[in-house]
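The values are calculated or read from the model by the stated rules, or taken from the named source; none is laboratory data. All figures in this text were calculated on a predicted structure; none of them were measured in a lab. For neighbour counting, all protein chains shown are included, and Cβ atoms are generated from backbone atoms with ideal geometry for every residue, glycine included. In case anyone asks, the SASA skips ligands and DNA or RNA and just uses the protein heavy atoms, side chains included. Shrake-Rupley method; radii C 1.70, N 1.55, O 1.52, S 1.80 Å.
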Amino acid sequence: MTATGDEFRAIVESHSSMVFSVALRLVGDRGLAEEVAQDVFLELHNWLPRLESADHVRHWLRRVATHRSTDALRRRKVRPEGQSDEWEDKHDRPGDSGGSDCGSMGVAMERMLLSLPEAQRTVLVLRYGEDLTPEEIARTTGDPVATVKSHLQRGLQLLRRKGSVVLKEYVRG
């Protein structure tokens, strides 16, 4: 797929929010997510002649955004906590900041997601943030479908355990 400057610009504009969203959910840092997105689109410029269709471009962008986000995390040596009890001790609860509105619940959810191990966070973001099937996630990450399903199951279980600790203020008794 070859593209002129205007066509490339249109591709970037139509996919930039998806690429940035994937990167932000995986790295948890707005500035780093912007860097990842820029790197992805720079790489796209070189790869575009080899991509065959709009669907191929979209799939390629998701895959590369996922991999570049993982690379960025490894460079920064970010290691998310794995235990819900450790997490409760190290992070503020939503009610601690004064108020339990919907916005602070969203922040708490984002923080819980970012605290998951990288592989689990990646598959959860691709499944529920990008609405990909386990088979599509496997093609994106290069993992077997069984591994993707295992990461989904374990990630959801850990997220539920963390949520039961952190989101108590949002549950009506």
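Pairs linking a residue in the range 107-121 that is without any contact (Cβ under 8 Å) to a residue 12 or more places away in the chain and more than 12 Å from residue 162 (Cβ to Cβ) to a residue that is open to solvent by less than 40 Å² (accessible area, probe 1.4 Å) and in a helix (DSSP H, G or I), with Cβ atoms under 8 Å and 6 or more positions apart or on different chains, do not occur.
Among the residues of the range 120-130, which ones are surrounded by fewer than 17 Cβ atoms within 10 Å (Cβ to Cβ) and closer than 13 Å to residue 66 by Cα? Give the steps one after another, and end with the answer.
Within the range 120-130, the subset surrounded by fewer than 17 Cβ atoms within 10 Å (Cβ to Cβ) is 128-129.
Residue satisfying the conditions is 129 alone.
Residue pairs whose Cβ atoms lie under 8 Å apart, sitting 6 or more positions apart in sequence or on different chains, and linking a residue in the range 138-155 that is in contact (Cβ under 8 Å) with a residue 60 or more places away in the chain to a partner that is of a type in the set (Val, Ile, Thr) and open to solvent by less than 30 Å² (accessible area, probe 1.4 Å), are 140/66; 141/66; 141/122; 141/123; 141/148. For the range 125-145, does any single residue satisfy the condition of being closer than 22 Å to residue 75 by Cα, of a type in the set (A, V, I, L, M) and in contact with a Gly (Cβ under 6 Å, 6 or more places away or on another chain)? No, the range 125-145 contains no residue that is closer than 22 Å to residue 75 by Cα, of a type in the set (A, V, I, L, M) and in contact with a Gly (Cβ under 6 Å, 6 or more places away or on another chain). Which one is surrounded by the fewest Cβ atoms within 10 Å (Cβ to Cβ), of the residues in the range 15-33 that are over 13 Å from the mean Cα position of the chain (by Cα) and farther than 17 Å from residue 131 by Cβ? Ranking the qualifying residues of the range 15-33, first place goes to 31. Of all residues assigned to the range 102-119, none qualifies as being outside any helix (DSSP H, G or I), open to solvent by 60 Å² or more (accessible area, probe 1.4 Å) and modelled with pLDDT of 90 or more.
Answer yes or no as to whether residue 142 is at pLDDT 80 or above, open to solvent by 30 Å² or more (accessible area, probe 1.4 Å) and closer than 19 Å to residue 21 by Cα.
Details: at pLDDT 80 or above: yes; open to solvent by 30 Å² or more (accessible area, probe 1.4 Å): yes; closer than 19 Å to residue 21 by Cα: no.
Here the answer is no, as residue 142 does not meet what is asked.
In the range 131-169, the residue that is farthest from the chain's Cα centre (by Cα) out of those that are more than 19 Å from residue 71 (Cβ to Cβ), of a type outside the set (A, V, I, L, M) and part of a loop (DSSP other than H, G, I, E, B) is 144.
Look at the range 23-42: where a residue is on the phi > 0 side of the Ramachandran plot and in contact (Cβ under 8 Å) with a residue 12 or more places away in the chain and a partner is part of a helix (DSSP H, G or I) and not hydroxyl-bearing (Ser, Thr, Tyr), sitting 6+ places away or on another chain with Cβ atoms under 9 Å, you get 28/73; 28/110; 28/111; 28/113; 28/114; 28/121. Filtered by the rule that a residue be touching a residue at least 12 places away in the same chain (Cβ under 8 Å), more than 16 Å from the chain's Cα centre (by Cα) and open to solvent by 30 Å² or more (accessible area, probe 1.4 Å), the range 55-69 gives a lone residue, 56.
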